[in-house]
Amino acid sequence: ASDVYKRQVYNSKDYDSANNFYDGLTRVNQQFKIRVEDPQWVEIPNAKNAKDYIDGIKSDINPAVCKMIVVILFMEIKPQIKNFLDTQGGIPSQFVRTSKLRNANPSVMANIIKQMNAKLKCDLYRLNLPSFKHTMIVGFDVVSNGREKLIGCSATYTPDLTQCASKIYRQKVPSVPE
């Protein structure tokens, strides 16, 4: 089991949405055996813009001890907050719109918890493959794109074959003299 969720940031008027989100995660968590801990609740009083959220995050959250921030938004201000969290905080984040939470069924909550787990680089599934214990699986693919070839490479790097690194290389196709 992994710890998914540590800080929940929301506007004071979205208190009910924040609670519904947490309740929905705890209901779905048993399906994936992911422990959903009680978060630190960070209520931003009367937030009107991204700066209000960022100021609240700066004042209440220590990036050194925070695994993830969930930001519940009623308006579309994600890019500014996401930019702050990525560049200055270095904290993985999950953004959820209040409109999505109004009629959130278990499959919506399951998709959100899967996204959060992936952002924390945790495994969702593991296969027991005894003959592959000390193996790295490597895959390549080449696609022609006009005068360029795209070469994709992906390789597993964990013993359970659940995490992989991927890279795309571009190769110009040399022109043939006439």
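The values are calculated or read from the model by the stated rules, or taken from the named source; none is laboratory data. Values in this document were obtained by computation on a predicted structure and should not be read as measured data. A quick note on method: Cβ atoms are made from the backbone with ideal geometry, for glycine too, and the neighbour counts reach across all protein chains shown. The accessibility values were calculated without ligands, DNA or RNA, using every heavy atom of the protein model including side chains. Shrake-Rupley method; radii C 1.70, N 1.55, O 1.52, S 1.80 Å.
Pull out a ≥ b ≥ c, the square roots of the eigenvalues of the alpha-carbon gyration tensor of region 1-116, then state rounded if a/c is under 1.5, prolate if not and a/b is larger than b/c, and oblate in the remaining case.
Numbers: a/c = 1.83, a/b = 1.31, b/c = 1.40.
Oblate is the answer for region 1-116, as a/c is 1.5 or above yet b/c matches or exceeds a/b.
What is the set of long-range amide H partners of Leu73 at a cut-off below 5 Å, with H atoms built 1.01 Å from backbone N?
Val96, Arg97, Thr98
Explain nothing, just the number: relative contact order of the chain, from Cα pairs under 8 Å at least 6 residues apart, as a whole percent. Write down the numbers at each step before the final one.
On the way: 268 pairs, mean separation 33.6, N = 178.
Dividing the mean separation by the residue count of the chain yields 19 percent.
Show which lysines lie in cross-link reach of Lys133 when reach means a straight Cα distance below 26 angstrom and same-chain residues fewer than eight apart are skipped.
Within the straight-line limit of under 26 Å, Lys133 reaches these lysines: Lys33, Lys114, Lys119, Lys121, Lys167.
Probe radius 1.4 Å, ligands and nucleic acids ignored: give me the carbon and sulfur share of the accessible area of region 90-178 as a rounded percent. If you can, show how the numbers build up before the last one.
On the way: 3680 of 6590 Å².
Answer for region 90-178: carbon and sulfur cover 56 percent of the accessible area.
Please compute the per residue accessible area over region 137-176 with all protein chains in place, 1.4 Å probe, rounded to a whole number of Å².
Values: 3100 Å² over 40 residues.
Accessible surface, normalised per residue, equals 77 Å².
Between Thr162 and Met75, what FRET efficiency follows from the Cβ-Cβ distance if R0 is 45 Å, with the result rounded to 0.05?
Taking R0 as 45 Å, the efficiency between Thr162 and Met75 is 0.80.
In what sequence, highest mean first, do 78-89, 61-72 appear when ranked by Cβ atoms within 10 angstrom?
On the way: 78-89: 15.0, 61-72: 17.2.
Highest to lowest by the protection proxy: 61-72, 78-89.
How do 35-43, 147-155, 166-174 rank on mean C-beta neighbours within 10 Å, highest first? Before the final figure, lay out each step's value.
On the way: 35-43: 15.3, 147-155: 12.6, 166-174: 9.6.
Top to bottom by mean Cβ count within 10 Å: 35-43, 147-155, 166-174.
Given R₀ = 41 Å, what would the calculated FRET efficiency be for Val142 paired with Gln30, taking r from the Cβ atoms and rounding to 0.05? Can you show the working numbers first?
Numbers: r = 43 Å, r/R0 = 1.05.
It comes out at approximately 0.45.
Would you list which aspartates and glutamates come within 13 Å of Lys172, measuring only between C-alpha atoms, while excluding same-chain residues fewer than 8 positions from it?
Of all the aspartates and glutamates, those that pass the test against Lys172 - Cα under 13 Å, at least 8 places apart if same chain - are Glu148.
Rounded if a/c is under 1.5, else prolate if a/b is larger than b/c, else oblate: which is region 71-178, with a ≥ b ≥ c the root eigenvalues of its Cα gyration tensor? It would help to have the intermediate numbers written out before the result.
Values: a/c = 2.46, a/b = 1.38, b/c = 1.78.
Cα axes put region 71-178 in the oblate bin.
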